[in-house]
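Enquirer: The following block contains the structure, expressed as structure tokens.
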Amino acid sequence: TVWAYAKVGNRNNDLFEAVSDAAINKIETFDAQNLANTVWAYAKVGHENNDLFEAVSEAAIKIIEEFDTKELADTVWAYAKAGHESNDLFEAVSETAISKIDLFNMQDIDNLIWAYRKVGDEKAELFVAQREAMSITNSNT
């Protein structure tokens, strides 16, 4: 629900507050897509909720291997955009992203780079190098 509201730019504060309370209570039932979409929505509309971001971070780390490349990129993008620090989450995402690096498309790798640069993490340069390699490969085909 909040994803749809955020997608069209509708920032319904009452809805976002109600959803965050419910989500925190059921966060262990969320899959990777639910976790990524939830924090993406909150970051997209600029609705701050530290408790929700903490709960998503803890839940995401537990199932990080289940995240696809878009979910990895969207999650760190959301944390960086919201200005919510989670070093453990960024570390888990980077390890998982490196293991799946060949599966990333340009948009998702760009989102990873932006997020890691935004938080000042040196791993951004690793992703930059991968993006450059992807660009070379794409121009040769």
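The values are calculated or read from the model by the stated rules, or taken from the named source; none is laboratory data. Just so you know, these numbers come straight off a predicted model, no measurement behind them. Glycine gets a Cβ as well: all are built from the backbone with ideal geometry, and neighbour counts include every protein chain shown. Side chains are part of the model used for accessible areas, which takes the heavy atoms of the whole protein and leaves out ligands, DNA and RNA. Shrake-Rupley method; radii C 1.70, N 1.55, O 1.52, S 1.80 Å.
Enquirer: Quick check: residue separation of E125 and K26 times 0.36 nm, minus the Cα distance between them. What number comes out in nm?
Expert: 32.0 nm
Enquirer: Here is a further query. Can you send over the carbon and sulfur percentage of the accessible area for the chain, probe radius 1.4 Å, protein chains only?
Expert: 46 percent
Enquirer: Okay, moving on. Hey, what's the Kirkwood Rh for the stretch 12-73 if you take every pair of different alpha carbons, in angstrom?
Expert: 11.7 Å
Enquirer: Over the chain, what relative contact order in percent results from Cα pairs under 8 Å that are six or more residues apart? Each step should come with its number before you reach the end.
Expert: Numbers: 147 pairs, mean separation 29.6, N = 141.
Computed over the chain, the figure is 21 percent.
Enquirer: What are the radius of gyration and Dmax of the stretch 17-141, computed over its Cα atoms and given in Å?
Expert: For the stretch 17-141, the Cα radius of gyration and maximum Cα-Cα distance read 14.5, 50 Å.
Enquirer: For A18 paired with E91, estimate the spin-label separation in nm (one decimal), with each label point 7 Å from Cα along the Cα-to-Cβ line.
Expert: Output for this residue pair reads 3.9 nm.
Enquirer: Mind checking the per residue accessible area of the chain for me, 1.4 Å probe, whole number of Å²? Show your work: numbers first, answer last.
Expert: Details: 7600 Å² over 141 residues.
Accessible surface, normalised per residue, equals 54 Å².
Enquirer: Protein chains only, probe 1.4 Å: how do R131, R117 rank by accessible area, largest first?
Expert: R117, R131
Enquirer: Percent of Cα-Cα pairs per 10 Å bin, from 0 to the last occupied bin, for the stretch 38-82, please list those.
Expert: Percent of pairs per bin, in order: 29, 59, 12.
Enquirer: Which is farthest toward the positive dipole end of the chain among N12, N49, L112, measuring Cα position about the Cα centre, with Cβ charges +1 (Lys, Arg) and -1 (Asp, Glu)?
Expert: Positive-most Cα among the choices belongs to N12.
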